[in-house]
Amino acid sequence: MCILALAIVMVVRASLRPLVDIEETAGEIAAGHLNRRVPERDPRTEIGSLGRSLNTMLSQIETAFHKQEESEAAAHRSEERMRRFVADASHELRTPVTAIRGFAEYYRQRGGLVRRWDRDQEAAQAANAPEATGLMPDDVDRIMQRVEKEAARMGLLVEDLLLLARLDQQRPLARQPVDLLSLAADAVHDARLLAPARAIDLSVQPGAAFLVMGDEARLRQVIGNLMSNALTHTPDGTPIEISLSTGTLDPQAGDHSPAVLLDVTDHGPGMTPEQARRVFERFYRADQARTRTAGGRTTGGSGLGLAIVRALVAAQGGVTSVRTVEGQGATFRIALPLAPEAMGHPDDADLADDPELDDEVDGTKAARAADRA
């Protein structure tokens, strides 16, 4: 009888063991271990079928929980970026607004413009009490010029902010075939006019087509921003090179789609790894110093140029990257998908033999761009 009772107890315990496992698993999950699962058993039994259903449910719950965590973290990061963006934008806008306000107060404190019939008397008093006299027309002209410059600077900053806001809203850009070679030649020509003492060259991979699908005006802005960045952040006389070639869109991410590669290389001071990692962030400046020239022009920049480059390239399906070594210059690269019309049809190979384009490639003259201008 005892043996029978013992056998019954063992059978009951063995039958209840799966339920005990489920209870223990539920306790571990309640303690925060969402990756725990019920031990798998024969799915043909009721306990096995129940365990499989529970594991499926637990997997879905864990996935939903992690997605919620990721969503909350993304929302928190977005809020932090927005706060930093607003703070940086306010700081950048405060400088020209303060300057304009200061000039207006100066005009008011000096008593406005001197009347024509009082100019001789005012000129005589200016030697003894310059701050008590009104402003001469030349003084007003200088003030208005400074106000105009500050207002123009503020207007450009606002335009950049609006452009980034539109790109954040994923507003579509124009999509049409664009010859990136022509845009690069124009950019070299413009840069040579701005910095005639620099060596600015264009090199082109022979026998390749450089046709992409995109917004021509925005692509001009991308190349212009890259050239402006190279001119601004390198010493006078530093050579700059633009090179065009074909390759793959983003091999690091495993995207081997055919692409046009445009590199802007300078031989300036380069960047540290930390600076290179953050160089495309909005309002980030590798050189935090903001100096002014003798004419009052700010040379530090607003820190939006490269952020706009990345946003515009991404909006057109491209990829932006930078290669740099501190003390050895930097190379900024944009990769844009090759237009379907150009795949397997290197029609631009004939352009490489164009003598006008050869002048650009050799670095002697921007004839082709000048003719279009």
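In region 236-256, which residues are part of a loop (DSSP other than H, G, I, E, B) and surrounded by 13 or more Cβ atoms within 10 Å (Cβ to Cβ)? Answer for region 236-256, where residues must be part of a loop (DSSP other than H, G, I, E, B) and surrounded by 13 or more Cβ atoms within 10 Å (Cβ to Cβ): T238, P239.
Within region 133-146, residues that are at pLDDT 80 or above have Cβ atoms under 9 Å from residues that are assigned to a helix (DSSP H, G or I) in these pairs: I143/F103; I143/A104; I143/Y106; I143/Y107; M144/F103; R146/A99; R146/I100; R146/F103, counting only partners at least 6 apart in sequence or on another chain. For region 70-84, state whether one or more residues are modelled with pLDDT of 75 or more and in contact with a Leu (Cβ under 6 Å, 6 or more places away or on another chain). No - not one qualifying residue is present in region 70-84. Looking across region 309-326, just one residue is polar (S, T, N, Q) and assigned to a loop (DSSP other than H, G, I, E, B), and that is Q316. For region 257-302, which positions are modelled with pLDDT of 90 or more, assigned to a strand (DSSP E or B) and more than 21 Å from the chain's Cα centre (by Cα)? Scanning region 257-302 gives S257, P258. Close Cβ contacts (under 6 Å, 6 or more residues apart or on different chains) running from residues in region 228-249 that are under 12 Å from F332 (Cβ atoms) to residues that are among the hydroxyl-bearing types (S, T, Y) and buried (at least 18 other Cβ atoms within 10 Å of the Cβ) comprise E241/T265.
I'd like the residue in region 20-33 that is of a type in the set (A, V, I, L, M, F, W, C) and loosely packed, with under 13 Cβ neighbours inside 10 Å and, out of all such residues, is farthest from H66 (Cα to Cα). Steps first, please.
Taking region 20-33 as the starting set, the residues that turn out to be of a type in the set (A, V, I, L, M, F, W, C) are 20, 22, 26, 29-31.
If we keep only those that are loosely packed, with under 13 Cβ neighbours inside 10 Å too, we end up with 20, 30-31.
Values: V20: 27, A30: 15, A31: 16 Å.
By that ranking, first place goes to V20.
The values are calculated or read from the model by the stated rules, or taken from the named source; none is laboratory data. The structure presented is a predicted model; accordingly, all values stated were derived computationally and were not measured. For neighbour counting, all protein chains shown are included, and Cβ atoms are generated from backbone atoms with ideal geometry for every residue, glycine included.
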